[in-house]
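K.L.:
Quick one: structure below, then a few questions.
The values are calculated or read from the model by the stated rules, or taken from the named source; none is laboratory data. Remember, it's a predicted structure, so these values are computed and weren't measured experimentally. When we count neighbours, we look across all protein chains shown, and the Cβ atoms used for this are built from the backbone with ideal geometry, even at glycine. In case anyone asks, the SASA skips ligands and DNA or RNA and just uses the protein heavy atoms, side chains included. Shrake-Rupley method; radii C 1.70, N 1.55, O 1.52, S 1.80 Å.
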Amino acid sequence: MFSGQLYNVVVIESLGKEGVGWPAVWGKRRERGVRMTDRAQATEDGRATKAETLAVTDNRTGESYDIEITEGTVRAMDFRQIKVDEDDFGLMTYDPGLSNTAHCRSSICYIDGEQGILEYRGIPIEQLCERSNYLEVAYLLIYGHLPNEDEYNNWVYQVTHHTFVHENIKNFMEGFRHDADPMGMLLASVGALSTFYPESKDVNDEWQRWVSTVRLIAKMPTLAAFAYRHSLGLPYIYPDNDLSYAGNFLNMLFKIAETKYEPDPRLERALDVLFILHADHEQNCSTAAVRTVGSALPDPYTSIAGGVAGLYGPLHGGANIAVVRMLERIGSTDNVPDFLEDVKEGNERIMGFGHRVYKNYDPRAKIIQSHIEEVLEATGKQNPLLDIARELEKRALDDEYFTSRALYPNVDFYSGVIYEALNIPTDMFTVMFAVPRTSGWVAQWMEWINDEERKLVRPR
Ligand code: COA
């Protein structure tokens, strides 16, 4: 597991290549150069040379401006100087959805959508899924390096010993309607954690940030499992500290009358891999929400509740539910050709296909596929939706319509099928995403708090 030495080599090489790589350091703002990387041509004072500027001519006035380019970006505020007259407010940039606006610098996650590459802190996702476990990956995301053996043992101990929630949280959750959406329950209860730890409002305190991080990663599965049990009218199951992170989550979800729940190691591993795959994914909607809320400096529970809220939406965390519904609607492999014709005529979309960033096979979809058989073998049931999904993928990847548009399966295409195989109801899918994404959110929040350029987010 904790082969930190081996991995550190990979991290350093990869980070060097990308020109990033300040580790997350508790309570210490990282040192930064002046808007310049190795790739940029810099003068001694770190300013850009002429070659690294953008010449802009304002045709309204005939004035010309040199706008500095650093790391492939220009600063929106540099455009404010461009005015028609003294009373003019200055030029703004307009970017709904922030599709072409970088709003932070981050060394946590790297995606190359053209090549289908995903790395956490410079380590390819495939390596992490093969050799690490979720808690080790959570440590990597937060601290910037893999733990050595002592660090790992201490980290696991800390997370394991913070899994219980105050009894009042349990009582509070019992107050939800019997059919409450588990994601809504999770959203409310993560936000409610803030009221149990008022001292966490001091985000400048290193200890408070650390203990909140541990609590969030530790308690999220407990809250998620309570929400699930509530929706079934089953008693809540307390955490079992003898079990692994994934094993304990299975215990809290599925334990019935046995004295001791023993998770099937195949399911435990498959869930752990799913957790690794969902731990972080750059500046998406929910992560941007965590940073945006976090910029007002509330306690971290409140910022992470912002992330849960973003994830709740069907355009973000809910896509795998849409995949399962689509597969159910197709109903049989025989109907796949007709369905594809409908898609090509523009009447449908293949849910779980295509991605804003990946224009190649989503690496996470490949890894999920490799665990499906194992899960089906462990649960002893066949999932007919899987056959439909495979037929759909095969035919689509053979069809010029889809290949010419670079439409490949994304992470959601198979994750819903695997959750189904794990007996997780569709209402819980987004919750299953929120649990592991917590480590990514916390890492991003931490990086943001330590960022010298952090500002209250206040768009125009
Ligand atoms: N099924 C069929 N056609 C699709 C498609 C899909 N899932 N996704 C994109 N296309 C087609 C579009 O119709 C368009 O075709 P056109 O050029 O003939 O008009 C072309 O591919 C580009 O689509 P566009 O919507 O501009 O791409 P995008 O990068 O903005 O969209 C998604 C990305 C994710 C929104 C889109 O692929 C999608 O809706 N996927 C299904 C939902 C999903 O799986 N979401 C989870 C993402 S993790």
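K.L.:
Can you tell me how much longer the chain between E453 and F164 gets when fully stretched, taken as 0.36 nm per residue apart minus their C-alpha distance, in nm with one decimal?
P.N.:
100.4 nm
K.L.:
Moving on. Hey, what's the Cα Rg ratio for the stretch 288-419 versus the globular rule of thumb, 2.2 N^0.38 Å?
P.N.:
1.22
K.L.:
At 1.4 Å probe size, with the rest of the protein present, what percent of the exposed accessible area of the stretch 237-359 is carbon and sulfur atoms?
P.N.:
53 percent
K.L.:
So what are the three principal axis dimensions of the stretch 290-334 from its Cα atoms, in whole Å, longest to shortest?
P.N.:
On the principal axes, the stretch 290-334 reaches 54, 14, 10 Å in Cα extent.
K.L.:
While we're here: Over the stretch 202-339, what per residue volume does the convex hull of the Cα atoms give, in whole Å³?
P.N.:
Cα convex hull per residue, to the nearest whole number: 167 Å³.
K.L.:
Dividing the Cα radius of gyration by the Kirkwood radius, what Rg/Rh value follows for the stretch 365-460?
P.N.:
Taking Rg over the Kirkwood Rh, I get 1.14.
K.L.:
When the helices in the chain are scored as -39500 (n - 2.57) per DSSP H run of 4 or longer and the sum is shared across all residues, what 222 nm value do you end up with, to the nearest 500 deg cm²/dmol?
P.N.:
Dividing the helical sum by the residues of the chain leaves -15500 deg cm²/dmol.
K.L.:
Relative to the compact-globule scaling 2.2 N^0.38 Å, provide the ratio for the alpha-carbon radius of gyration of the stretch 97-246.
P.N.:
So the stretch 97-246 has a normalised radius of gyration of 1.21.
K.L.:
With just the Cα atoms of the chain, tell me how far they stretch along each of the three principal axes, in Å, largest first.
P.N.:
Reported extents, whole Å, longest axis first: 76, 57, 46.
K.L.:
May I ask you to derive the FRET efficiency for A180 and I256 from their Cβ-Cβ distance with R0 = 25 Å, giving the value to the nearest 0.05?
P.N.:
0.70
K.L.:
Between F226, L216, V165, whose Cα lies farthest towards the positive end of the dipole of the stretch 163-235 when Lys and Arg beta carbons carry +1 and Asp and Glu beta carbons carry -1, centred on the Cα centre?
P.N.:
F226
K.L.:
Okay, next question. Quick one: dipole size for the chain, taken about the Cα centre, charges +1 on Lys/Arg Cβ and -1 on Asp/Glu Cβ, in debye to the nearest 20.
P.N.:
800 debye
K.L.:
Same structure, new question: Evaluated at 10 °C with a viscosity of 1.306 mPa s, what Stokes-Einstein diffusion coefficient in µm²/s does the stretch 341-411 have when Rh comes from the Kirkwood expression over alpha-carbon pairs?
P.N.:
It comes out at roughly 120 µm²/s.
K.L.:
Further, regarding this structure: Tell me the carbon and sulfur percent of the accessible area for the stretch 60-152, rounded to whole percent, probe radius 1.4 Å.
P.N.:
The C+S portion of the solvent-accessible surface of the stretch 60-152 is 47 percent.
K.L.:
On to the next question. Find the centroid of the Cα atoms in the stretch 63-117 and in the stretch 428-460, then give the distance between the two in whole Å.
P.N.:
21 Å
K.L.:
Before anything else, pin down the relative contact order of the chain: Cα pairs under 8 Å, at least 6 apart, normalised by residue count, whole percent.
P.N.:
Contact order relative to length: 19 percent.
K.L.:
Tell me, what is a quarter of the convex hull surface for the C-alpha atoms of the stretch 61-171, in nm² with one decimal?
P.N.:
Over every viewing direction, the Cα hull of the stretch 61-171 projects on average to 13.8 nm².
K.L.:
Taking the Cα-to-Cβ direction at V74 and at A296 and moving 7 Å from each Cα, how far apart do the two end points lie in nm?
P.N.:
Rounded to a tenth, the inter-label distance reads 3.2 nm.
K.L.:
Apply the Kirkwood formula to the stretch 157-198: the hydrodynamic radius equals the inverse of the mean of 1/r over all pairs of different alpha-carbon atoms; give it in Å with one decimal.
P.N.:
By the Kirkwood definition, the hydrodynamic radius is 11.4 Å.
K.L.:
Here's a follow-up. So if the hydrodynamic radius of the stretch 120-181 is defined as the Kirkwood radius over C-alpha pairs, what does Stokes-Einstein give as its diffusion coefficient at 25 °C and 0.890 mPa s, in µm² per second?
P.N.:
Rounded, D is 173 µm²/s.
K.L.:
In square angstrom, what is the accessible area per residue of the chain with a 1.4 angstrom probe?
P.N.:
Per residue, the chain has 46 Å² of solvent-accessible surface.
K.L.:
Specify, per residue and in Å³, the volume enclosed by the convex hull of the alpha carbon atoms belonging to the stretch 236-317.
P.N.:
Measuring per residue, one finds 127 Å³ for the Cα hull of the stretch 236-317.
K.L.:
Near the amide H of I123, under 5 Å away, which other amide H atoms are found, from residues 5 or more places off or on another chain, if H is placed in the peptide plane?
P.N.:
Here nothing satisfies the definition.
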